[in-house]
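**Q** Below: one structure in structure tokens.
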Amino acid sequence: MSIVLTEKAAGEVKRHMEQQNLDEGAFLRMSVTGGGCSGLQYSLGFENEYDPKVDAKYDQHGVSIIANKKMALHLDGTTIDFQDGPTGRGFAIENPNVPRTGGCPGCRGS
């Protein structure tokens, strides 16, 4: 099981860590909450504590990513990338375990 952090995303994470003067031992925590009919909602944040009893840890491109082991099952194969283009700038998360839907008819305005 793993979460994939692209090299471009890792560079952006490291830039944020430097800007926030975080210790080199800081972790990038990925969390997931239910998003209703639109799917899962992801959050990324920095943390200094890692508990191997409850957290899974993935090291990629010099960044340690942690996620609650219960959520890690839903994140297996997820890719975190960073995009910077004409349509916007930010992290993009692709989870192959979640089918893409347009949401319920009420959410789509139908």
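Nothing in this text is a laboratory measurement; each read-out follows from the coordinates by a stated rule. Here the structure is a predicted model, which means the values were calculated and not measured. Cβ placement follows ideal geometry from the backbone for every residue including glycine, while neighbour counts extend to all protein chains displayed.
**Q** Considering the range 3-96, what Rg and Dmax in Å follow from its alpha-carbon atoms?
**A** Answer for the range 3-96, Rg first and Dmax second: 13.2, 42 Å.
**Q** By the scheme Lys and Arg +1, Asp and Glu -1, what is the net charge of all other residues having a beta-carbon under 14 Å from that of Phe82?
**A** -1
**Q** Then there's this: Loop only per DSSP, at most 16 neighbouring Cβ atoms within 10 Å: give me the GluC sites (Glu not before Pro) in the range 1-84, ordered by residue number.
**A** Glu24, Glu49
**Q** Compute, for the range 3-96, the length of the dipole vector about the Cα centre, with Cβ point charges of +1 (Lys, Arg) and -1 (Asp, Glu) only. Units Debye, rounded to 20.
**A** The dipole magnitude comes to about 240 debye.
**Q** Between the DSSP loop rule and a limit of at most 11 other Cβ atoms within 10 Å, which trypsin sites (Lys or Arg not before Pro) in the range 23-79 are left?
**A** Passing sites in the range 23-79 are Lys53.
**Q** For a label point 7 angstrom out from the Cα of Asp51 toward its Cβ, which stretches of the range 66-94 have the backbone nitrogen within less than 17 Å?
**A** Answer for this model: 66-72.
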